[in-house]
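The values are calculated or read from the model by the stated rules, or taken from the named source; none is laboratory data. None of these values were measured; they are calculated from a predicted model. Glycine also receives a Cβ, built like all others from the backbone with ideal geometry; neighbour counts cover every protein chain displayed. Quick note on the areas: whole protein, heavy atoms, side chains included, nothing else; ligands and nucleic acids left out. Shrake-Rupley method; radii C 1.70, N 1.55, O 1.52, S 1.80 Å.
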2 protein chains.
Amino acid sequence: MPPVTLTTDRILEATEDVLRRYGPAKATVVDVARALGVSHGTVYRHFASKAALREAVTQRWLDQSHSTLATVAAGPHPAPERLRQWLTELFAAKRRKAGGDPELFATYMALASEASAVVAEHVEDLVGQLSTIVGDGLARGEFSLPERTEPTERTERTEHTEHTEPTEPTDPTTIARAIWDATGRFHDPVYAAEWSQPGIDAAFDAVCGLLLNGLRPQDSPESPGTPPT
Amino acid sequence: MPPVTLTTDRILEATEDVLRRYGPAKATVVDVARALGVSHGTVYRHFASKAALREAVTQRWLDQSHSTLATVAAGPHPAPERLRQWLTELFAAKRRKAGGDPELFATYMALASEASAVVAEHVEDLVGQLSTIVGDGLARGEFSLPERTEPTERTERTEHTEHTEPTEPTDPTTIARAIWDATGRFHDPVYAAEWSQPGIDAAFDAVCGLLLNGLRPQDSPESPGTPPT
């Protein structure tokens, strides 16, 4: 193998190859070093431990579509359009990963289950992007949330309402998290097997439509408030 | 053991006991018969096969909260109240099952993974109940959906909108399915470990609030349409 400049990226690529070839249970730092034609000490100069190397490669994989999503989130378009586009891009990216190379996807699922802190940080980043869209939409009047309906008139609580009165979402982060939770079927890898099934796009559109509707200003010109038939 | 009238229910109870004691991998019809003090032939007169017996006990377990939920779905209260109450009851029932007897829950998760047809039918039933609530709400004007925003003005499609124009949900069953999908985090057993975590109730309320908002009539007296600040 001709000598190459040993960058972090180069090590991560080789690690992915090795993981794909040997599986996450068997792949070692020595395998990675051998694939690169260097000593394992050289790899350890870039990554302090096998765990650190695996976390870095997991992070790289998780963050693959981050820049596209971040661009959509920060984009100039109206917030409702950005929100739908962002959710659509996320779903598309997840499907590409799951469907394009199922074996690598399974490998990374195994890695991700070892690296819960990396995954949690990844999710926080994405919820942060959603929060940017929601915050922008609220600030520009493209989104609104109704005033909390006060349960004051109801002095006697009947059996069917005895649970704690819920609090409606009121800030961009809470709403962003609710959107994240409500779209789990379209981004949580536990549902990957469903992403190639017929009807999944219609299901995605239905959930998106309902969520966007939930954020739509009451006086939006797009919703003429036609009386239901 | 004193002789008892051998009802289907009695067999299913004994089967649950046996499954709990031996685990789904080891429990046999002979074990069930022995627990009941009858021959396995007697059990087979009620259930044609071991698979049929396991499916019946799975169904019974899945349907445990069906009657409560069905009562809420058909109840006299306004549809938005019924919808929130139904989702709250479902989440509560799932949590009771998962948290009350985690070992039995795990046993039934294993059984359910063998009985996908039983599970699918169970989900259809529940989505049907949701559909009843949504249909009632639309018929009474307690729920509405905006007219589909026509994308006609936009003749040149830019990069960020080049995906297929989505179709908004327009019928009770599609909406019911969207509500089911959007609340998966609060009823899909894959998330059972999260149901005892702090913040889960707030997360549930946020998703519920967003969905209910998405169904709210534009001219609802409960939503005065205050301009966003």
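For segment B:8-47, the alpha-carbon radius of gyration amounts to 1.01 times the rule-of-thumb value 2.2 N^0.38 Å expected for a compact globular protein. For the pair B:SER65 and B:LEU104, how long in nm is the line joining their label points, each one 7 Å along Cα→Cβ? Result for the modelled spin labels: 1.5 nm. Taking all protein chains together and a 1.4 Å probe, the residues A:GLU103, B:GLU89 rank A:GLU103, B:GLU89 from largest to smallest accessible area. How big is the accessible area of A:SER131 in square angstrom, nearest 10, if you roll a 1.4 angstrom probe over the protein chains? Accessible area, nearest 10 Å²: 20 Å².
Inter-copy label distances for A:GLU124: 4.5 nm (label point placed 7 Å from Cα along Cα→Cβ; shortest first). If you wrap the tightest convex hull around every Cα atom of segment B:172-216 and split its volume per residue, you get 53 Å³.
All alpha carbon pair distances within segment B:1-138 were sorted into 5 Å bins beginning at 0; the resulting P(r) in whole percents reads 2, 10, 18, 18, 16, 13, 10, 7, 4, 2, 1, 0. Pairwise inverse Cα distances across segment B:59-112, averaged and inverted, put the Kirkwood hydrodynamic radius at 12.1 Å.
When all protein chains stay in place and ligands, DNA and RNA are ignored, the 1.4 Å accessible-area order of B:ARG82, A:ARG96, B:ARG45, B:ARG95, largest first, is B:ARG45, A:ARG96, B:ARG95, B:ARG82. Take B:LEU138: with every protein chain present and a 1.4 Å probe, its accessible area is about 40 Å². Across the identical copies, the 7 Å label point of A:GLY100, projected outward along Cα→Cβ, sits 4.7 nm from its counterparts, in ascending order.
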